[in-house]
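K.L.:
Shown below is the structure under consideration.
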Amino acid sequence: MNIEVNVLNEIMSTIGSVSPETGGIIGTQNDVVCAYYFDRTGSCDSNTYKPDTDNVNRVISEWEKQDIQFVGVVHSHEEKQPALLYADIVYAQAIMKANDMERILFPLVVIGNKARFIMYMVDRCGDVTAEEITLI
């Protein structure tokens with residue numbers, strides 16, 4: 001998956017610099033992740049990130065006007081949990097169903113001594129793959 005360097009840097013400087021279970025959304029244009037929105041008003045606790053759907057949907061509508069396609073939700077986990085949880089996969093499937101998507105990007109920022117970014121993709125069956133990242 002291609003991602004613009006500035007988008008990855010923005011993700012890491014927001015989600016990657018705060019406590020786990022924060023998040024946002026990402027969008028693409030021409031198969032390149034080029035848009036990111038940090039969900040400052042989403043609700044977070046030590047185990048869960050819940051998007052502020054009103055704000056997120058407003059951003060997605062604005063992106064559509066700019067030909068940017070919503071493709072996923074990025075959030076963070078603690079270092080001890082570097083993979084998507086069952087609840088993450090179920091949530092990804094619900095988003096795909098609501099948006100008539102066949103697959104969704106569901107990257108994680110893993111928070112530890114040094115934050116790291118893992119680009120996961122989930123399909124409608126719930127299969128998860130880690131995607132190779134190419135910085136643009």
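Laboratory data are not the source of any read-out in this text; all were calculated from the coordinates shown. Only a predicted model underlies this, so the values are computations on that prediction, with no experimental measurement involved. Ideal geometry is used to build each Cβ from the backbone, glycine not excepted, and the neighbour counts take in all protein chains shown.
K.L.:
Looking at [x] 1.09; [y] 1.45; [z] 0.92, which value of Rg/Rh (Cα atoms, Kirkwood Rh) comes from a calculation on the structure shown?
P.N.:
[z]
K.L.:
Sticking with this one: Any idea how many Lys pairs in the chain come in under 28 angstrom at the alpha carbon, given 8 or more places apart or on separate chains?
P.N.:
Values: LYS50/LYS65; LYS50/LYS80; LYS50/LYS97; LYS50/LYS114; LYS65/LYS97; LYS80/LYS114.
Number of lysine pairs found: 6.
K.L.:
Ranked highest first by the average count of other Cβ atoms within 10 Å around their residues, in what order do 11-17, 81-87 fall?
P.N.:
The most tightly packed comes first, giving 11-17, 81-87.
K.L.:
Sketch the reach of a paramagnetic label on ASP52 as a point 7 Å from Cα along Cα-to-Cβ, and name the residues of the range 8-38 whose backbone nitrogen lies under 11 Å away.
P.N.:
Residues 38 fall inside that zone.
K.L.:
Okay, next question. Measuring from label point to label point, each 7 Å out along Cα→Cβ, what is the ASN30 to ASN9 span in nm?
P.N.:
In this crude spin-label approximation the distance works out to 2.0 nm.
K.L.:
HN-Hα J couplings of the range 7-24 from phi, Karplus 6.51/-1.76/1.60, θ = phi - 60°, integer Hz, Gly and Pro as x?
P.N.:
5, 4, 4, 5, 4, 5, 7, 9, 4, x, 10, 10, 4, x, 6, 10, x, x
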